[in-house]
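> Sharing a structure with you now.
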Amino acid sequence: MYRLLPALGEFRTLLFDTGLGTVMRWQRTGDPAHFPSELRGKWIGDPALRVTDFPSDYPGAPVLSRRITDALHGDLTAAGRFVPVRTDDPEAGEFLLYAVEAVVDCLDTRRSSKAKKTTGDIKKAVFRPDAVAYGLPAFRIPEAPKVVYWNGWAVDRLRELLSDDLEARLVWSEDPGLTPHRDPMGF
């Protein structure tokens, strides 16, 4: 399981202006009335730099370019749907929030750290291998509904398309030879 964010690089990233609160409310409650119809964002960084295809660092609101969503549409729709993100620079292209609807009860709460009260982040997440939805590209868990966890095969597909623009932090693996990131939700 991974947490994804834009890699450090020479490109612009996206900061949400409006709609992120609606996304978090929907993630917390599951109420369809809170499902966002669109979000608004602005590009940050030097305007002379390029825009990345994975521009958001918020762990619960992955944003992808139209190029990426078109390439992975069949895989990604198994776990969620897309919401338009309107930006202050229409020349940058079309971007979509990947609203992950799949919630999987697979956290081993005895071996995991407690979720932070303010953010819901879990510093050390350990999953029950028999309960993980390996067939889904991504999912959320009841204990931290505002965080998207990504399966390794989906991360591999994204890396093929995004190359060095994507940072994938290992949160957990069944493979004891792999070491999770020391603080996968931190910066």
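> Among residues other than GLN27 whose Cβ falls under 11 Å from its Cβ, what is the net charge (Lys/Arg +1, Asp/Glu -1)?
+2
> Percent relative contact order of region 20-73, based on C-alpha pairs within less than 8 angstrom and at least six residues apart?
Across region 20-73, relative contact order equals 25 percent.
> Please give the calculated 222 nm ellipticity per residue for the chain, where each DSSP H segment of at least 4 residues contributes -39500 (n - 2.57) and the sum is spread over every residue; nearest 500 deg cm²/dmol?
It comes out at -5000 deg cm²/dmol, rounded to the nearest 500.
> How large is the dipole of region 43-93 about the Cα centre if only Lys and Arg carry +1 and Asp and Glu carry -1, each at its Cβ, rounded to the nearest 20 debye?
For this selection, approximately 200 debye.
> To continue, here is another question. Among the lysines in the chain, how many pairs, 8 or more places apart or on different chains, have alpha carbons under 14 Å apart?
6
> Can you compute 3J(HN,Hα) from phi for each residue in region 144-151, using the Karplus curve 6.51 cos²θ - 1.76 cosθ + 1.60 with θ = phi - 60°, rounded to whole Hz and x for Gly and Pro?
Result, ordered by residue: 9, x, 9, 10, 9, 9, 10, 6 Hz.
> Can you work out the PRE-style zone for LYS123? Point 7 Å along Cα to Cβ, and I want the residues of region 131-157 with backbone N under 18 Å.
144
> Identify which of THR52, THR87, THR118 has the largest mean-square fluctuation in a Gaussian network model of the chain, with springs joining Cα atoms closer than 10 Å.
Residue with maximal mean-square fluctuation among THR52, THR87, THR118: THR118.
> Once you charge only the Cβ atoms, +1 for Lys and Arg and -1 for Asp and Glu, what is the size of the charge dipole of the chain about its Cα centre, to the nearest 20 debye?
800 debye
> Would you grab the residues whose amide H sits under 5 Å from the one on LEU39? Only those 5+ places off in sequence or on another chain, please, with H modelled 1.01 Å from N.
VAL85, ARG86
> Which is the longest run of the chain containing none of the GluC sites (Glu not before Pro) found in DSSP loop states (not H, G, I, E, B) with at most 11 other C-beta atoms within 10 Å?
11-173
> If contacts are Cα pairs under 8 angstrom and at least 6 residues apart, what is the relative contact order of the chain in percent?
26 percent
> Same structure, new question: Please figure out what share of the DSSP beta bridges in region 66-187 is antiparallel and state it in percent, rounded to the nearest 5.
Within region 66-187, antiparallel bridges account for around 90 percent of the total.
> Under 5 Å between amide H atoms, partner at least 5 residues away or on a different chain: which partners does ARG50 have, H built in plane at 1.01 Å?
ARG12
> Hey, quick one: spin label on TRP153, modelled 7 Å out along Cα-Cβ, who in region 164-183 has an amide N within reach, i.e. under 19 Å?
Correct set: 171-175.
> Just one of [x] 52, 32, 22; [y] 48, 39, 32; [z] 57, 44, 30 is Cα extents along the principal axes in Å as worked out from the coordinates here. Which one is it?
Computed from the coordinates, Cα extents along the principal axes in Å corresponds to [y].
Any read-out appearing in this document is the output of simple, stated calculations on the displayed coordinates, not a laboratory observation. Source: prediction; values computed, not measured. Positions of Cβ are generated from backbone atoms using ideal geometry, with glycine treated the same way; all protein chains shown enter the neighbour counts.
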